[in-house]
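Report on the following structure.
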Amino acid sequence: MVFVKREQFRLVSGADDIQTVEPEPPYKYVRSYCRSCGTSLGEPLSKDDTFPINAHCLDDDPGIRTSFHEFVAEKPEWAPGPQDEKA
């Protein structure tokens, strides 16, 4: 997941395939996924100024660098891994 700013995000296709799941208490975060492939999308339809989105959903390198790594074996090819970072 990467966090993106709403003002810098543009959904270019697939809006009709996004399924949103409203949480049941005590959970409070809306989650979305792709109905076609099942990919967890994060919260692209939220009204928040920033929101998480699955990095696999991005066509190109967004030009941001991670502060931690999770699911490294499943990262997009354009994303650097921990071995690529300078200490």
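Here, each number is a calculation from the coordinates, and none is a lab measurement. What you see is a predicted model, and the numbers here were worked out from it, not measured in a lab. Positions of Cβ are generated from backbone atoms using ideal geometry, with glycine treated the same way; all protein chains shown enter the neighbour counts.
Taking other residues whose beta carbon is less than 13 angstrom from the beta carbon of PHE51, and scoring Lys, Arg as +1 and Asp, Glu as -1, yields 0. Between the amide H of LEU41 and those of SER32, TYR33, CYS34, distances stay under 5 Å, these residues lying 5 or more places away or on another chain, with hydrogens modeled in the peptide plane.
For THR50, nonlocal amide neighbours, meaning residues 5 or more places apart or on other chains whose placed amide H falls under 5 Å from its own, are ARG6.
Couplings 3J(HN,Hα) of the range 49-58, computed from phi: 5, 10, 7, x, 9, 5, 4, 5, 7, 8 Hz, in residue order, whole Hz [Karplus 6.51 cos²θ - 1.76 cosθ + 1.60, θ = phi - 60°; x for Gly and Pro].
Is the shape of the range 2-76 rounded, prolate or oblate, going by the alpha carbon gyration tensor and its root eigenvalues a ≥ b ≥ c, with a/c under 1.5 for rounded and a/b larger than b/c for prolate?
Numbers: a/c = 1.37, a/b = 1.30, b/c = 1.06.
Judged from the Cα gyration tensor, the range 2-76 comes out rounded (a/c under 1.5).
For the range 34-39, the Karplus equation 6.51 cos²θ - 1.76 cosθ + 1.60, evaluated at θ = phi - 60°, returns couplings of 8, 5, 6, 10, x, 4 Hz by residue, with Gly and Pro reported as x.
Within straight-line reach of LYS75, meaning a Cα separation under 18 Å, sit the following aspartates and glutamates at least 8 residues removed in sequence or on another chain: ASP59, ASP60, ASP61, ASP84, GLU85.
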